[in-house]
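Below: one structure, written as C-alpha cells.
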Amino acid sequence: MTKKDSQTNSGYKRTLSNAHIQLIALGGTIGTGLFLGVGDSIHRAGPSVILIYIVVGIFLFLLMRALGELIMSDLNKHTYIDFIEKYLGKNIGFITGYLYWLSWITLGMAETTALGIYFQYWFPGLKPWIPGLITIVLLLIINLISARVFGNLEFSFAIIKIVTIVAFVILIGYLLVTGGKTSFGPVTFANLDDNGGFFARGGKGFLQGFQMVIFSFIGVELIGLTAAEAQNPKVTLRNAINQLPVRIILFYVLAILAILLVIPWSKVSTNSSPFVEALGATGIKNASSIINFVVISAAVSSTNSFLYSAGRLLFSVTFNGKGKWNETFGHLSHRQLPQNGLILSAVLMGLAPLITFLIGDQAFNFISSTSTSMFLIIWCLMTLTHIAYRRRTPESELNDFKMPGFPYLDYLILLFFGLMIILLLILPSYRIPMIAAILIFIILYGITKIWDKEKNEN
C-alpha cells in the first residue's frame, strides 16, 4: 500500500483492516438496546416484539444499502455529513452534523447509564455514575492513541458479544429439543402464547414497542464512519452491509426468541438484562454472572463506538471552517486523530449522571427516547441525500453498489421513518423527547439563518 493509499485527503490514516471493519459492523448492532432495552420492548409489545425487530431490521437494511451507495461514490469523505452538505446544501449539512453529533453524545450517555445498572448486579451499594465515568476516561485515553487501537478493542468486544449470543441461542435450542426446564418451567414455544397470545398487548402495545427496538438498531450505520480509515473500503464495507440481514436474524430475532422460550413474556424483567435473567434461570453455575460481564462489555463497546463517532463528526462539521471554535475542533493531532473533538465529546457524555440525578430511574428510557427521536430525523435526511445523489449523478457515473428499487424503496424508507416520528409524537411516553429533537433541529436551523444574514451584511 502506497503512502497516498494509506492516508486520506483529510489526513486520516487507513489503519482499520477487513477484520476490524467486519467486527465493528457486528459489534455496532449489539449493544444496550438489545441487552437491556429489549426487556422494555417485550413488556410493551409482548411476543410480537419479534415481528417489530424484523420490520425495523428490513428498513435499516434498506437504509444501509442507500448509504452504502453514497459511501462508495467517494471514499475520501469523512462522514455522511459531507454527502449531505454536497447534495442538500451546506446549511442542512451543518444542522444534521451537529444533530448527529448530539445524538452520539446522548447514546454514550445511555450506555454509561446502563453500566451503572449492570454493576449494581454485583455491587448493589455502588453509586450508578461511578462505572460510567471511569469507563469514559479509559476509553478516551484509548481513542487518543490511534484508530487501530480502537479497532483492536472493538474487535475483542465484538467477539465476546457474538460468541455469547451464539452460545446462548444454541443452549436454549438444546434445552428446547431435549425438553429441558428452568426455574420458569419448561423451555417451550408455549411461552409465546402465554397470557394473551402473540399480540398480547394489542395494536397499541405493538406500536409502543417500536421506540426501543429502533434504539437498539442505532449504531448500525457506524461502519460508514470507518470508510476514511479502512484499508480496503470497497470490499469490506460492501460485505459488512450485505451481511446485515444475517446479523439481524441471528443477533436479534433468534436471541429474543430464545429469551421468550425460557421466560413467559409477562415475567421478563424491565429493570435488568433479560439475558442475565434467562441464563440465571437455567441453573448453570455462575451463568448469570458470566452474562452480566458480557452485557457490561457490550455497553463499554458501544460507548467506545459512540465516542469514536462523536469525535469524528465534530471534526467533520468544523473541518476547514473559520473562527476559534472551528479551528479548535477542525484539525487533527500529530497522530492524525480528532483529539479535541474526542475530549469534548467525552466530557459531555460524562454528564449522564446529572440526568440520572434529575429524573431518577427513568433516565435510561428518557435518554434512549431522545436518541431515537434524533436519529429518525437524521435517517430521513440521509435518505433524501441519497435521492438527491441519484438524481444529480449520470447513470454512467454510478458505482456498481446501487440501491435496489430506486426511487421507490427510498420513498418507502421515508414513509416508514415519517410514520415513526408521528407515532412518537402521539404516544405520551415519547412525546417530549421527540418534540425536543424537533426543537433542536429548528434552533440549529435558526442559527444557520443568523450566520447567513451576518455574512451577507459583512
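May I ask you to list the aspartates and glutamates whose Cα is less than 19 Å away from that of Lys234, ignoring any residue fewer than eight positions away on the same chain?
Asp5, Glu69, Asp74, Asp82, Glu221, Glu397, Asp400
Averaged across orientations, what area in nm² does the convex hull of the alpha carbons in region 18-448 project? Kindly include the intermediate steps, with their values, before the conclusion.
Details: hull surface 80.4 nm².
Taking the Cα atoms of region 18-448, their convex hull projects to 20.1 nm² on average.
Using Cα pairs closer than 8 Å and at least 6 residues apart in sequence, work out the relative contact order for region 18-448, in percent.
On the way: 672 pairs, mean separation 144.7, N = 431.
Once divided by the residue count of region 18-448, the mean separation gives 34 percent.
How would Lys204, Lys324 rank on accessible area, largest to smallest, probe 1.4 Å? Mind dumping the intermediate values first?
Values: Lys204 140, Lys324 165 Å².
Final ranking, largest accessible area leading: Lys324, Lys204.
Roughly speaking, to the nearest percent, how much of the chain's 1.4 Å accessible area is carbon and sulfur?
Details: 11850 of 18390 Å².
Roughly 64 percent of what the probe reaches on the chain is carbon or sulfur.
Ile159 versus Ile442, label points 7 Å from Cα toward the beta carbon: distance in nm?
If labels sit at Ile159 and Ile442, their model points lie 5.0 nm apart.
Would you mind working out the magnitude of the charge dipole of the chain relative to its Cα centre, with +1 at each Lys and Arg C-beta and -1 at each Asp and Glu C-beta, to the nearest 20 Debye?
Rounded to the nearest 20 debye, it is 420 debye.
I'd like to verify something in the chain: which complete DSSP H helices, judged by Cα projection on the helix axis, reach 20 Å or more and average at least 1.6 on the Kyte-Doolittle scale?
49-73, 129-143, 147-178, 408-426
Direction-averaged shadow area of the convex hull around the Cα atoms of region 62-178, nm²?
Answer in nm², one decimal: 11.4.
Over 29 Å between Cα atoms, which of Lys90/Lys402; Lys86/Lys402; Lys77/Lys402; Lys322/Lys402 qualify?
Over 29 Å apart, Cα to Cα: Lys322/Lys402.
Place +1 on the Cβ of every Lys and Arg and -1 on the Cβ of every Asp and Glu in the chain, take the dipole about the Cα centre, and give the residue among Val149, Val166, Ile432 whose Cα lies farthest towards its positive end.
Val149
Place +1 on the Cβ of every Lys and Arg and -1 on the Cβ of every Asp and Glu in region 18-448, take the dipole about the Cα centre, and give the residue among Trp265, Ser301, Gly31 whose Cα lies farthest towards its positive end.
Ser301
Does region 257-298 come out rounded, prolate or oblate by the C-alpha gyration tensor, with a ≥ b ≥ c the root eigenvalues, rounded set by a/c under 1.5 and, if not, prolate when a/b is larger than b/c and oblate if not?
oblate
For the pair Thr393/Ser266, report the inter-label distance in nm, with labels modelled 7 Å from Cα in the Cβ direction.
Simple spin-label model gives 5.3 nm for this pair.
Keeping all protein chains in the complex and leaving out DNA, RNA and ligands, what accessible area do you get for Ile443 with a 1.4 Å probe, in Å² to the nearest 10?
Rounded to the nearest 10, that gives 100 Å².
Using a basic spin-label model with each label point 7 Å from the Cα along Cα→Cβ, how many nm lie between Ser429 and Asn286?
3.7
The values are calculated or read from the model by the stated rules, or taken from the named source; none is laboratory data. Bear in mind the structure is a predicted one, so any value in this text is a computation, not a measurement. Every residue, glycine as well, gets a Cβ built from its backbone with ideal geometry; the counts of neighbours run over all protein chains shown. Only protein heavy atoms, including side chains, enter the accessible area calculation; ligands, DNA and RNA are left aside. Shrake-Rupley method; radii C 1.70, N 1.55, O 1.52, S 1.80 Å.
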